[in-house]
1. Quick one: go through the range 34-69 and flag any residue whose amide nitrogen is under 20 Å from the point 7 Å out along the Cα-to-Cβ line of Asp90.
2. With every protein chain kept in the model, how would you rank Met81, Met174, Met52 by accessible area, 1.4 Å probe, largest at the top?
3. Counting only Cα atoms, I'd like the Rg/Rh figure for the range 42-87, Kirkwood definition for Rh.
4. So if we plug the beta-carbon distance of Arg62 and Met26 into 1/(1 + (r/R0)^6) with R0 = 25 Å, what FRET efficiency do we get, rounded to 0.05?
5. Sort Lys107, Lys34 by accessible area with a 1.4 Å probe, largest first.
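The values are calculated or read from the model by the stated rules, or taken from the named source; none is laboratory data. Model, not experiment: these values are computed from the prediction. Neighbour counts run over all protein chains shown; Cβ positions are idealised from the backbone, glycine included. Heads up: the accessible areas ignore ligands, DNA and RNA and are worked out on the full protein's heavy atoms, side chains in. Shrake-Rupley method; radii C 1.70, N 1.55, O 1.52, S 1.80 Å.
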Amino acid sequence: MTTQPEQQIGVGTQDAFQRLWTPHRMAYIQGENKPTGPEAGDGCPFCGIPEMSDQDGLVVARGRHVYAVLNLYPYNGGHLMVVPYRHVADYTELDGPETAELADLTKRAMVALRKASGAHGFNIGMNQGAAAGAGIAAHLHQHIVPRWGGDTNFMPVVGHTKVLPQLLADTRQMLADAWPVD
């Protein structure tokens with residue numbers, strides 16, 4: 001059964017597309033939670049998150065040197081970041097224990113994401129510097145983005161919109177429950 005497109009006031013020329021609005025993304029685009037400078041005291045969110053409760057900060061797991069946190073502006077459901085507590089910008093600035101724990105929490109994140117959501121694969125990486133795409137270049141963070149076969153459907157391609165099927169608080173709890181222990 002085919003239906004006629006409904007008139008959509010305020011979105012331009014009427015067409016056959018329905019609109020899924022994601023106004024929360026505008027906060028990120030306009031710089032919400034971005035530091036005002038390169039120092040830890042310049043409003044770095046990665047320096048502030050450890051002071052919050054796990055629920056309020058979306059922290060999934062805490063180590064001695066690094067922590068795992070959900071991305072507030074995720075590319076996919078379950079998008080985690082592993083972040084050192086110490087305010088450093090470059091991977092080469094990490095000491096041995098920080099480097100080892102960053103690797104360990106990355107592995108644990110993969111295990112938890114597979115257990116909790118059945119992830120088929122992952123995009124894992126760091127953007128070093130603003131020129132390389134780092135949204136917060138002054139504080140190192142590694143992305144762990146879960147992927148599933150067929151997860152890139154028409155929405156990101158046609159609508160430039162990513163549909164997330166779960167609230168971040170629910171995703172945080174699911175991953176915290178699935179997080180592997182020593």
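1. 37-41
2. Met52, Met174, Met81
3. Values: Rg = 10.1 Å, Rh = 10.8 Å.
Checking Rg against Rh, the ratio lands at 0.94.
4. 0.20
5. These residues rank, largest area first, as Lys107, Lys34.
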